[in-house]
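Visitor: Below you will find the structure I want to go over with you.
Read-outs throughout are calculated quantities, based only on the coordinates presented, and are distinct from any laboratory measurement. Since this is a predicted model, take the numbers as computed values, not measurements. Note that we place each Cβ from the backbone using ideal geometry, even for glycine, and neighbour counts take in every protein chain shown.
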Amino acid sequence: MGLSKTIWAKPSDYLNHTQPQAPVLFFAPAVLQATARKFIEGFPGLVTYAVKSNPSEEVLSNLATAGIRGFDVASPFEMDLIARLAPGAAMHYNNPVRSREEILHAVRLGVKSYSVDSHSELSKLAELVPTVGVEISVRFKLPVNGAAYNFGAKFGATAEKASELLARVAELGFIPSLTFHPGTQCTDPMAWDSYIRMAAEIATNAGVKIARLNVGGGFPGHRLMEVAPQIDEIFAVIDAATTEAFGDDRPALVCEPGRGLVSECYAFAARVKAIRDEEHVFMNDGMYGALAEMPLIGNIDRMEVRSPEGVVRNGELVGRIVFGPTCDSVDRLPGDVMLPSDMVEGDFVLFYGMGAYSTVTMTRFNGFGQIGTETVCSLAR
């Protein structure tokens with residue numbers, strides 16, 4: 001997958017002109033930079049980007065150009081990438097479990113911010129990381145709803161354990177902070193409110209004034225036509241809850257959006273390979289390609305179908321089973337997908353809001369997965 005040097009006006013222009021046989025991702029730098037500025041201007045603290053959601057070099061470079069000065073890195077690969085593409089940017093190593101060699105790699109690169117959710121990992125950091133000027137954020141979890149799936153199943157200490165860890169962080173001489181993640185694609189602003197108020201209780205119980213509170217990622221992308229993300233409302237809830245919960249001890253705020261920053265800057269086009277007996281649609285991409293997230297958090301219904309000549313299909317929407325190109329029977333979109341009844345073999349299916357977790361999950365299973373990337377001025381339909 002490589003970025004083309006040609007810049008197209010919009011995806012339909014490219015499709016009409018080239019008639020691609022392989023799937024295509026369309027990248028709009030102007031959309032990405034506009035979204036980054038919205039976060040920088042609207043969030044009441046430091047905005048850091050979760051590199052894992054889309055580590056494409058064109059994405060990282062455009063984010064740095066737009067003013068993003070911090071990056072959430074989870075591996076030596078991501079650290080090296082940021083050190084090369086955004087030298088001088090802050091790197092937050094918030095993967096709570098790391099090998100000793102991974103920690104030493106971070107130390108060599110001058111990483112000054114880490115997270116923990118266990119005594120064993122805190123002891124490891126204390127052994128290997130200098131304390132001067134280094135922040136350790138204790139990650140905690142709560143049983144709250146509102147997300148597509150719960151990150152607390154893998155990471156996060158209970159509130160009681162978090163207080164113990166926070167007190168130990170301060171005792172060791174590190175800069176004490178707290179962090180949480182409300183869960184991916186979190187559409188309920190009050191999830192942040194619950195976490196922030198618990199963070200204040202954790203700090204009080206630990207007897208520690210925290211330097212920063214990282215309110216995590218979870219900022220939603222626009223996946224469903226009828227559910228538009230309320231990003232400004234989320235910012236306002238975070239700001240108000242922090243002031244109310246901490247009062248004069250209000251910490252500096254940090255967020256680490258991934259999906260919320262990059263989802264809108266990509267669209268994706270797959271092509272219909274066949275329609276089997278008017279029941280099953282086979283596309284040239286599926287679960288082993290750019291659509292790998294669909295079974296995890298549901299289909300994107302922000303889509304359209306275009307003929308090879310560029311005509312938008314407007315037939316009555318009917319439910320179809322949609323399969324990817326491989327011979328694996330699990331290679332299908334979940335449930336029935338509502339598609340126009342007049343679509344035919346050779347049409348293009350365009351999905352919008354595809355900037356997160358589409359470029360990083362692709363495989364070459366069964367010989368498929370050849371996906372190109374094209375630059376566009378706009379993702380307008």
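Visitor: Gap in Å between the Cα centre of the range 236-260 and the Cα centre of the range 287-336?
Guide: 38 Å
Visitor: Another question, then. Given just the C-alpha atoms of the chain, how large is their convex hull per residue in cubic angstrom?
Guide: Taking only Cα atoms, the chain has a hull volume of 134 Å³ per residue.
Visitor: Quick one, could you list the DSSP H helices from the chain stretching 15 Å or more along their long axis (Cα atoms) with average Kyte-Doolittle hydropathy of 0.0 or above?
Guide: Correct list, ordered by number: 29-42, 159-172, 190-206, 231-246.
Visitor: Can you divide the C-alpha Rg of the range 54-109 by 2.2 N^0.38 Å and report the result to two decimal places?
Guide: Here the answer is 1.10, to two decimals.
Visitor: Take every Cα-Cα pair in the range 257-381 and report what % of them are more than 21 Å apart.
Guide: 36 percent
Visitor: Per DSSP H run of n ≥ 4, the term is -39500 (n - 2.57); total these for the chain, divide by its residue number, and report the mean residue ellipticity at 222 nm rounded to 500 deg cm²/dmol.
Guide: Calculated mean residue ellipticity at 222 nm is -9000 deg cm²/dmol.
Visitor: Looking at the range 300-346, what % of the alpha carbon pairs are farther apart than 15 Å?
Guide: Cα-Cα pairs of the range 300-346 separated by over 15 Å account for 50 percent.
Visitor: Specify, per residue and in Å³, the volume enclosed by the convex hull of the alpha carbon atoms belonging to the range 215-282.
Guide: About 118 Å³ per residue, rounded to a whole number.
Visitor: Between Ala22 and Lys209, what is the spin-label point distance in nm, taking each point 7 Å from the Cα along the Cα→C-beta axis?
Guide: The two pseudo-label positions are separated by 5.8 nm.
Visitor: So, one more: Specify the residue with the greatest mean-square fluctuation among Leu296, Leu63, Leu32, computed from a Gaussian network of the chain linking alpha-carbon atoms under 10 Å apart.
Guide: For the chain, modelled as a Gaussian network with Cα springs under 10 Å, the answer is Leu296.
Visitor: How high is the relative contact order of the range 256-338, given as a whole-number percent (alpha carbon pairs under 8 Å, six or more residues apart)?
Guide: In percent, rounded to a whole number, it is 28.
Visitor: How large is log10 I(q)/I(0) at q = 0.08, 0.11, 0.14 Å⁻¹ when the Debye formula is applied to the Cα atoms of the range 1-159, each weighted equally and without solvent?
Guide: Debye intensities relative to I(0), on a log10 scale: -0.32, -0.58, -0.85.
Visitor: State, as an integer percentage, the relative contact order of the chain based on alpha-carbon contacts under 8 Å between residues 6 or more apart.
Guide: The normalised contact order for the chain reaches 23 percent.
Visitor: Another question about this same structure. Contact order normalised by length for the range 165-253, with contacts defined as Cα pairs under 8 Å and 6 or more residues apart; what percent is it?
Guide: Over the range 165-253, the number comes to 36 percent.
Visitor: Rank the residues Leu261, Leu104, Leu25 as a footprinting-exposure proxy: fewest other Cβ atoms within 10 Å of their Cβ go first.
Guide: By the 10 Å Cβ count, ascending, the order reads Leu104, Leu25, Leu261.
Visitor: Let me ask you something else. Please report how many Lys pairs in the chain have alpha carbons closer than 26 angstrom, counting only residues at least 8 apart along the chain or sitting on separate chains.
Guide: So the count of such lysine pairs works out to 21.
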